[in-house]
Protein chains: 2
Amino acid sequence: MEQIKTFLDESEIPRQWYNVMADLPTPMKPPLHPGTGQPIKPEDMAAIFPMNIIEQEASTQRWIDIPEEVLQKYLLWRPSPLYRARNFEKLLGCPVKIYYKNEGVSPAGSHKPNAAIPMAYYNKVAGTKRITTETGAGQWGSALSMACQMFGLPCRVYMVRISYDQKPYRRMMMNTWGAECLASPTNLTQVGRNVLAEHPDSPGSLGIAISEAIEDAVTTPNTKYALGSVLNHVLLYQSIIGLEAKKQMDKLGIYPDIVMGCCGGGSNFAGLALPYVADLFTGKKVKIVGAEPTSCPTMTKGPFAYDFGDLAKSTPLLPMYTLGHDYIPAPIHAGGLRYHGMAPIISHLVRESFIEPRAYDQMKTFEAGIKWARSEGFIPAPETNHVIAAVVDEAMRAKEEGKEKVILFNWSGHGLVDLSAYDAYLSGKLQAYELPDEEIEKALLAIKDFPKP
Amino acid sequence: MEQIKTFLDESEIPRQWYNVMADLPTPMKPPLHPGTGQPIKPEDMAAIFPMNIIEQEASTQRWIDIPEEVLQKYLLWRPSPLYRARNFEKLLGCPVKIYYKNEGVSPAGSHKPNAAIPMAYYNKVAGTKRITTETGAGQWGSALSMACQMFGLPCRVYMVRISYDQKPYRRMMMNTWGAECLASPTNLTQVGRNVLAEHPDSPGSLGIAISEAIEDAVTTPNTKYALGSVLNHVLLYQSIIGLEAKKQMDKLGIYPDIVMGCCGGGSNFAGLALPYVADLFTGKKVKIVGAEPTSCPTMTKGPFAYDFGDLAKSTPLLPMYTLGHDYIPAPIHAGGLRYHGMAPIISHLVRESFIEPRAYDQMKTFEAGIKWARSEGFIPAPETNHVIAAVVDEAMRAKEEGKEKVILFNWSGHGLVDLSAYDAYLSGKLQAYELPDEEIEKALLAIKDFPKP
């Protein structure tokens, strides 16, 4: 029989996360305090995050120990299986071997718990008594709800109202795991009340929800905020994906030619890719490709600039590819990719040409996702369909070039709670979104007076 | 670190299914032809099933080879992991070790593909060009849709209208896997037209849907019908669960004191339990417990009798525990357990005291399921919550008795496509259903004139 899955024993789970900050050949620009224009200091973030997480955010230590309590929770689903997509390969008929990390095996169905578990843990040991966060489609909010429940921390999630109404299942997941999930804007925060006073029927936005969650955290005793992507410590926690993948590929005696992932804020892509980027620094050859939506073409069309992480300007100024902090991406079904910016680490590596960005419109991604589901069985998340579309492209290129290639990608999650997106696609209700260049220029007005990196 | 999961290598997957028919200490009563009252012959079923499946239905061969093509599809998710529920154990604080087979790792999220894959395969090799089936909540319909897609067979699923309207996600899964899913009753069959003529707004029933699927199969060239539970061949295919579990428990050097599963038609329970029932026949000691809902207490309150498998009397008369073929169970959320009868093999083993049945009301099952989700992470299907409630009972009993016990149960599937059930429970909209004895007597009028087993 043809082998499909490669597992690691539980005893082989990586005991340390990998921090790419230790190995960057060129230094990154620092985040800036928006008031002073100076690099931020740890105490600037102390109202939002606990100090142990702030230290990791700024750390340049290469290997960081994974606490025993975190490992024990990881083991509920990790090490995740490395799959070979033999049926999809046969369907494509190209000279490629396609391997993927199946992050859909987690209880929440995505990679998000990899970061949620350590965040809940570090908050717990730092004395935090309650955590707030925001969520769009709900992947992050549900993962954090589970993690907080496991460490006995109450959790409140501000969920963008339009998603709250349209995607009730992830709200129900959060409740099942004991968290409170509110449709944002709420009347519980000043930000929320201001929005509602002007727009009583506001559908909400990720920007508003972040602002509400941060306001809640800074105005409530013993409460901290948690962010599910973009920041260095989130990418650090996700590195477990790539570290496991390397051990699994080693067992097979194979090194990939191409490593790929889909990119929203950058965390799942970074999780798989950064341990391979480290190999690039030492002269190894591997192509690293990040796939984003054409409706939100941050890396492929945005400038590298200082910008806020959120609409309400609550964050430091981050050096990143951005479409402007007030850019509202088109309502594509891959909610996890609808973010105006890109993780500073990923942005830096794109700028330094270690990572190749690509953009795909949602029609092409669902076409690829349906092919996947009908050959491999597992139904991918709409976000994941973006990298599958990119895998198809790379496979076709290998065929044209007549070269054999090994592709490794991150299958970031399953789509069982996103089936309405497939339904819309199959019933002809979806459309492609391509952002015209003049729209991008308009979007970027918001950042024209910021410091330049 | 404490070990949680036990895997088998792909090379260790069982190569044969186990057929308990070879080992029964006392013979089972045969299914009867309803017209003649005589035991049915293979040709009586030839209009519905292909001959290779009919042969397996009647087989008394102990081990039946799993075809290579079926094994290769099984490997997409099998061998499924054996988990130890350490967090749930700690929560209960009882002297038990709790192991479970996680059948939620399949692409459809349940054990159903274990039977759907071989059914699609055997139909394919027998020359079937199209398959029909019925589905209630949609677990079986979605699993068969995936399996048919994998073997290139068009599939039509008649889905009970009320579920079709209330549970759109499983319909969307079927479409994503390329199947046609219709709300039953339809106007495409005589049965459906008759129902609609009398009740244009009929919410449908499993009985009507089975009758439509069978009528479609027998009136369309090269079309066969597939059933997802109850029959001997379905239980045979599911035996892969228990055979894997035994190998995994052997690796741990542990033999269970109690083996448990939830029971609707009986297939997931049988899958885990029958390889252990075989040990009972050779004198080994193990308690086998099946958990059913109090709203549909087939084994605990129904008589052992000859009855039809469906409302429209399309099937042979089966010797089983039954509440009468026209019994409509209360609308509990565990749709997979809302079946009036019980697999003849399981019924026989209950009657012969090899299996102990228990009944749980849905309030108690959701209470157990929420505890599970909040400690173990994975959200169980509403059906699975029934066996978890039974596990809690057994754990408490062990505590009272001051005895250490090892429990092994079948975690038949996850609940990510059933979250509305959790939502209803958490918002106080669910109620307990206990069937009064006089209602059972009323229900059984339907079978009073049938032959007695």
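The values are calculated or read from the model by the stated rules, or taken from the named source; none is laboratory data. Note that the structure is predicted; figures quoted are calculated from it, not measured. Positions of Cβ are generated from backbone atoms using ideal geometry, with glycine treated the same way; all protein chains shown enter the neighbour counts. Heads up: the accessible areas ignore ligands, DNA and RNA and are worked out on the full protein's heavy atoms, side chains in. Shrake-Rupley method; radii C 1.70, N 1.55, O 1.52, S 1.80 Å.
Shape of chain B from its Cα gyration tensor (a ≥ b ≥ c, root eigenvalues): rounded if a/c is under 1.5, otherwise prolate when a/b > b/c, or oblate? The partial results should precede the final answer.
Details: a/c = 1.37, a/b = 1.28, b/c = 1.07.
Cα axes put chain B in the rounded bin.
Just how many % of Cα pairs in segment A:295-370 lie over 17 Å apart, if you round to the nearest whole percent? Roughly 46 percent, once rounded to a whole number. Label positions at B:Q16 and A:E400, each projected 7 Å from the Cα along the C-beta direction, are separated by 5.3 nm.
Quick one: buried accessible area between B and A, total over both chains, 1.4 angstrom probe, nearest 100 Å²? Spell out each step's value before the answer.
On the way: alone 17640 and 17650 Å², together 30790 Å².
Buried surface at the B/A interface: approximately 4500 Å².
Could you tell me the center-to-center distance, by alpha carbons, between segment A:246-278 and segment B:197-265 in angstrom? One Cα centre to the other: 40 Å.
Compute accessible area for segment A:61-77 by itself and then with all protein chains, 1.4 Å probe, and report residues whose area falls by 50 Å² or more. SASA drop of 50 Å² or more in segment A:61-77: A:Q72, A:L76. Label point of B:S427 set 7 angstrom out along Cα-Cβ; within segment A:158-192, amide nitrogens under 14 Å from it belong to A:164-176, A:181-183. The relative contact order of segment A:316-453, computed from alpha carbon pairs under 8 Å that lie at least 6 residues apart in sequence, is 28 percent.
Rounded to the nearest 5, the antiparallel percentage of DSSP beta bridges internal to chain B is 35%.
Copy-to-copy label distances for A:K452, where each label lies 7 Å from Cα along Cα-to-Cβ, are 9.7 nm in order of increasing length. The residues of segment B:1-42 listed by number as losing at least 30 Å² of accessible area in the complex, against the isolated chain and with a 1.4 Å probe, are B:M1, B:E2, B:I4, B:K5, B:F7, B:E10. Amide H to amide H distances under 5 Å link B:K112 with no residue, where only residues 5 or more positions off or on other chains count and H is placed in the peptide plane.
Over segment B:287-367, what relative contact order in percent results from Cα pairs under 8 Å that are six or more residues apart?
Values: 144 pairs, mean separation 32.0, N = 81.
That works out to 40 percent.
Give the residue list of GluC sites (Glu not before Pro) in segment A:1-106 that are DSSP loop and have at most 11 other beta-carbon atoms within 10 angstrom. Write out the running numbers ahead of the final one.
Values: sites: A:E2, A:E10, A:E12, A:E43, A:E55, A:E57, A:E68, A:E69, A:E89, A:E103; in loops: A:E2.
Answer in residue order: A:E2.
Remark: label point of B:W63 defined 7 Å out from Cα along the Cα-Cβ vector; separations to the same position in other copies 4.6 nm, ascending.
Pairs of alpha carbons in the protein assembly as shown separated by more than 49 Å make up 21% of all such pairs. With bins 10 Å wide beginning at 0, the percent of Cα pairs of segment A:1-141 falling in each bin runs 9, 27, 32, 21, 9, 2, 0.
Quote to one decimal, in nm, the extra length available between A:D23 and A:A58 on full extension: 0.36 nm per residue of separation minus the C-alpha distance between them.
That works out to 11.2 nm of additional length.
Reported value for segment B:1-49: 207 Å³ per residue, from the convex hull of its C-alpha atoms.
Across peptide A:169-179, the average count of Cβ atoms from other chains found within 10 Å of a residue's Cβ is 6. In chain B, the calculated helix contribution to ellipticity at 222 nm averages -12000 deg cm²/dmol per residue, counting -39,500 (n - 2.57) for every DSSP H run with n ≥ 4. Annotation for segment A:260-368: trypsin sites (Lys or Arg not before Pro) lying in DSSP loop with at most 14 further Cβ atoms inside 10 Å of their Cβ are A:K284, A:K285. An ellipsoid equivalent to segment A:322-410, defined through the eigenvalues of its Cα gyration tensor, has semi-axes of 25, 20, 10 Å when rounded to whole angstrom and sorted largest first. For chain B, the per residue solvent-accessible surface stands at 34 Å², with DNA, RNA and ligands left out and a 1.4 Å probe. Using alpha-carbon positions, what is the distance between the centroids of segment A:333-379 and segment A:419-453, in Å? Taking the Cα centre of segment A:419-453 as reference, the centre of segment A:333-379 is 14 Å away. Our note on the geometry: Cα centres of segment B:1-64 and segment A:119-170, 46 Å apart. Placing dummy labels 7 Å off each Cα toward the beta-carbon, the span from A:S420 to B:E434 is 3.9 nm. In this structure, the amide hydrogen of A:F308, modeled 1.01 Å from its nitrogen in the peptide plane, lies closer than 5 angstrom to those of A:L318, A:H325, counting only residues at least 5 positions away or on a different chain.
Of the solvent-accessible surface of chain B, computed with a 1.4 Å probe over protein heavy atoms with every protein chain present, carbon and sulfur atoms account for 51 percent.
Placing a label point 7 Å from Cα along the Cα-to-Cβ direction at A:T219 gives distances to the equivalent points in the other copies of 6.6 nm, listed shortest first. Once the Cα atoms are used to define both axes, helix A:382-401 deviates from the longest principal axis of chain A by about 30 degrees. Measuring heavy-atom accessible area with a 1.4 angstrom probe and counting protein chains only, the residues of segment A:347-391 that give up at least 40 Å² relative to the chain alone are A:R374, A:G377, A:F378, A:I379.
Our summary gives chain A a relative contact order of 18 percent, counting only alpha carbon pairs under 8 angstrom and 6 or more residues apart.
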